[in-house]
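Right, one structure below, let's go through it.
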Amino acid sequence: MRLPSRPTVAYIHDLVVAALSFLIALYLRVGPDIQAYSSDFLLLSTALFTLVSAVVLWRMRLYRGIWRYASLNDLSAIARATTLIIVFFLPAMFLVTRLAELPRSLVVINWFVLMIMLAAPRIAYRFLKDGRLNLSYDPSQDRRVPVLLVGAGEIAEMFIQAMEHKSQADYRVVGLIDDSRGRIGRHIRNVEVLGLLDELGAVVERLSAQGERPQRLIIAKPEIDGARIGRLIDEADGLGLTVARLPQLTEFRAAAGERVELRPVALEDLLGRPQAVLDRPAMRALVHGRRVMVTGAGGTIGGELVRQIAEYGPAHLSLVDNSEYHLYLIDLELSERKPDLPRRPILADLRDRARIGRVVDDERPELVFHAAALKHVPMVEYNPVEGVLTNAIGTRNLAEACRAARVAAMVLISTDKAVNPSSVMGATKRLAEIYCQALDLAERGQTGGTRFLTVRFGNVLGSTGSVVPLFQRQIAAGGPVTVTHAEVRRYFMTVREAVELVLQASALGAAGDARMEGKILVLDMGEPVRILDLARRMISLSGRRPDTDIKIVLTGLRPGEKLNEQLFHAAEPLAPTTAKGILLASPRTADHAFLARGFDELEATARSGDSDGARAALKRLVPEFSPANGADEPAAARDARRLNVST
């Protein structure tokens, strides 16, 4: 059985209240003498009063107000409705009874009774919900910027209230849109819910016809998903509206009495993927009281790993990086945030096998997170030998050092570019994956052996060398914004989310589940984002218009770059894990002894500086490596081709 809608319930409530108010007013006027009235008169007059009330209340749409946000606007509407009911009831009653038996003072008493009976439930409901009551109202809104709110909830109500209370407020809310069809036509503080989120264009057109065209779209709904936000931004841009969002509810309340600051929509809001529910106790158990080492500790992923690991109370934290400056910065930050945490910053290069072996022996880590890598695709494409020595040989050096020192677990941070690699960077990361898989299988069943875990994910928003900081700099400079290809798509996640999922995946892998041996843990990153759409939305969020205020230029795919990245190979069977957002892939593996010989040859070739030989060796070890976009061209020819790309 379908329950009636809330507006219907409110309308029925108001009609019942109207009928009761007439009888109560009559009793207040005549007291026990009410028994002298005939039942026919009482029935007729009550029915007539209720009928008049039904027409007035329906026409004034009083039932569409949301009781949760009752305000002085609603009390004013109730007062007008009550007055009209009395005004229309008197002539109607005169036509029927000539007012022969009706006390003249009854209408005054009835006005007050009906007013109280309609208003009291609304005020009481709001008080019960909020635990407080504030119905003050300042109607001076004429010079304020008209805005349309997305979301008809508590944050929207608080914003409307804040704008009403401040004589110097910047904004005037002219309407709301929401994703609940049941709220369409209802009101919050006399502001109507005009339509659904997907009806933005129609709502703006309707407001424009009324002379109330909004100039800005403000998102007041924190739980709205990223894909929907992206569509709203695109549509708002087409309508000439800028987009902003309100702070979280707790921040809004904390800022009561102060100026309400709008925020730009954060890029992570556009990812279209909800945050996974993480097993934090398992993550804490993985790290707490253990000696932990992080390579690449000064980088984007490594630095966030250091921050989050520090919060779980390790016994000791070793920070390894080959950049003195970046190592200094992360060590300084850690000294300020966790001054009592035992730690050691270590300058070391993964390509130096002896140095890495001594570091692991000296630090005696129980867990090693390997985030050090050369990751910029075109840069590694131009310097393939360096990519091989760091990403492949460096990983082998660290893995063998961990194996010799009986480290409990080593976690390799990998990338979606390792799947069907089209670049040297992707091929070297795939080779690192293969080596760690082989070692994990070789260590299977050995007492005190090392677990080698691999976690694979896509691009991280804001990481060094990524497209987001590049776009931000280009937008700040007034453009143009450069996009390699109109159809390029990439997976994105925030650095905080990436590291949380790395720790969650590591906790799963370190638990000793035999099903994970030699497998790769893949983070679910939702749907890939089209880079051209990302560029347009970033321009819109800066308050400017794509292609008008800031041009977008297509520059052509860079060496080694693919149109679409993949998180797993088509031949890799995927299996769910006990953790939401983490899948288990089973790519091909290789015998460790065979790999060791291949790595020896690859290292010798790379250390001799033979770029072509290093590429050829990569192709032998990673058969799926298929260089894309002229990755095998000589550097001079490649540079000449790039200079002649059509825009």
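Worth a mention:
- Footprinting exposure proxy ranking of 22, 112, fewest other C-beta atoms within 10 angstrom first, gives 112, 22.
- Amide H contacts of residue 551: 481, each under 5 Å away and 5 or more positions distant or on a separate chain (H built 1.01 Å from N in the peptide plane; Pro and chain starts excluded).
- Interchain or long-range residues, amide H under 5 Å from residue 172's placed H: 145, 147
- When each of 284, 588 is scored by the number of other beta-carbon atoms lying within 10 Å, the sequence from fewest to most is 588, 284.
- At q = 0.15 Å⁻¹, base-10 log of I(q)/I(0) for segment 6-130 (Debye sum, equal scatterers on each alpha carbon): -0.67
- With neighbour counts taken as other beta-carbon atoms within 10 Å, the residues 11, 37, 435, 171 rank, fewest first, as 37, 11, 171, 435.
- Listed pairs 519/619; 375/551; 417/551; 429/619; 375/429 exceeding 19 Å between Cα atoms: 519/619; 375/551; 417/551
Coordinate-derived values only; no laboratory data. Because the structure is predicted, anything quoted here is derived from the model rather than measured. Glycine also receives a Cβ, built like all others from the backbone with ideal geometry; neighbour counts cover every protein chain displayed.
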